[in-house]
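Working notes, structure below.
Just so it is clear, none of the values below were taken in a lab; they were calculated from the coordinates. None of the values given here were measured: they were computed from a predicted structure. Cβ coordinates were reconstructed from backbone atoms using ideal geometry, including for glycine residues, and neighbour counts include every protein chain displayed.
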Amino acid sequence: MIRKATILLAVFCLTLGLAATVMAGDETETVVTLQTNRGDIVLRFFPDVAPEHVKNFIAHSESGLYKGCLFHRVIPGFMIQGGDPNSKDNDPSNDGMGGYSYKGEGTELKAEFNKRKHLRGTLSMARSQSPNSAGSQFFIMHAAAPFLDGKYSIFGEAIDGIEVVDKIVNSPRNKSDRPDKEQKILNVLVEEWTTEKIEATKAEMLTPAQDTEK
C-alpha cells in the first residue's frame with residue numbers, strides 16, 4: 001500500500017509539474033511593432049513598474065495616434081524621440097511641443113520613476129521640466145544614459161529591430177537634431193505574444209556589444 005501510494009503521489013506531482021510548464025509557456029504579453037520607413041521595431045512593456053505609461057502607449061498605438069508620426073529628434077550615442085502628433089503636419093517648428101495622455105487632449109501622466117536603467121533599447125517617456133508632464137512622446141535609447149535613471153519613466157524595451165534604431169539615429173540631421181529626411185512610423189501593430197517568444201526574440205537581437213540589464 002505504501003509503495004502504491006508513493007507511486008500515485010509521484011504521478012500526481014509530475015502531472016502538476018507538466019501543467020505548470022504548459023501554463024508558463026502559454027503566458028502572453030502585449031507587444032507593439034512600430035513599422036517605420038527604415039524597418040520594424042518591436043517593443044515589450046513593464047506594467048509592473050509603470051502601469052499608466054504602458055496603458056498610455058498601448059492606447060495611443062491602438063487609436064492610431066502614432067501612425068504617421070516622425071522621429072523628429074535623433075542624437076547618435078543617445079536616443080531617438082517620436083510620438084508627437086504635431087510632427088504629422090508640415091510645420092517642423094512645432095515638433096516636440098505636442099501630445100497628450102490617453103485620457104484626452106490637455107491631459108498628462110504622473111511620473112512613474114522606477115529602478116530600471118536607461119540602457120541601449122530602453123523605451124522611456126519624454127516630458128517637459130515638470131516630472132508629471134508626459135503625454136504621447138517617447139524615446140528609445142541608442143546607448144546607455146545613466147544620468148536619466150530615476151528622472152524619466154521607463155516603461156518598456158526594444159526586443160527586435162535595434163538595427164532600425166541605429167539607422168534612424170544615424171540619419172543626417174540639422175543643428176536641432178531633426179533628420180533631414182523623414183523617419184516615419186508608417187503603421188503600428190498591437191499583438192499578444194507568449195513570454196517565451198518575447199524572450200527568444202530579445203535573445204536573438206542581443207549581441208555581446210549591447211547592454212543587458214543584470
* Could you list Leu206, Leu65, Leu70 in order of exposure, starting from the residue whose Cβ has the fewest other Cβ atoms within 10 Å? => Leu206, Leu65, Leu70
* **³J(HN,Hα), Karplus 6.51/-1.76/1.60, whole Hz, each residue of segment 32-43, x for Gly, Pro** => 10, 9, 8, 8, 9, 6, 10, x, 9, 10, 9, 10
* Structure fact -> Among Asn114, Tyr66, Asn90, the residue whose Cα sits farthest towards the positive end of the charge dipole of segment 43-134, when +1 is placed on the Cβ of each Lys and Arg and -1 on the Cβ of each Asp and Glu, is Asn114
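Can you tell me the dipole magnitude for segment 28-205 around its Cα centre, using point charges on the Cβ only (Lys, Arg +1; Asp, Glu -1), in Debye to the nearest 20? Provide the component values of the computation, followed by the final result.
Details: 22 positive and 25 negative charges, 108 e Å.
Value, rounded to 20: 520 debye.
List the GluC sites (Glu not before Pro) in segment 75-128 that DSSP assigns to loop (not H, G, I, E or B) and whose Cβ has at most 12 other Cβ atoms within 10 Å. Which are they?
Glu105
Using Cα-Cα distances under 8 Å and only pairs 6 or more residues apart, what relative contact order does segment 28-205 have, in percent?
Values: 429 pairs, mean separation 60.9, N = 178.
Answer for segment 28-205 is 34 percent.
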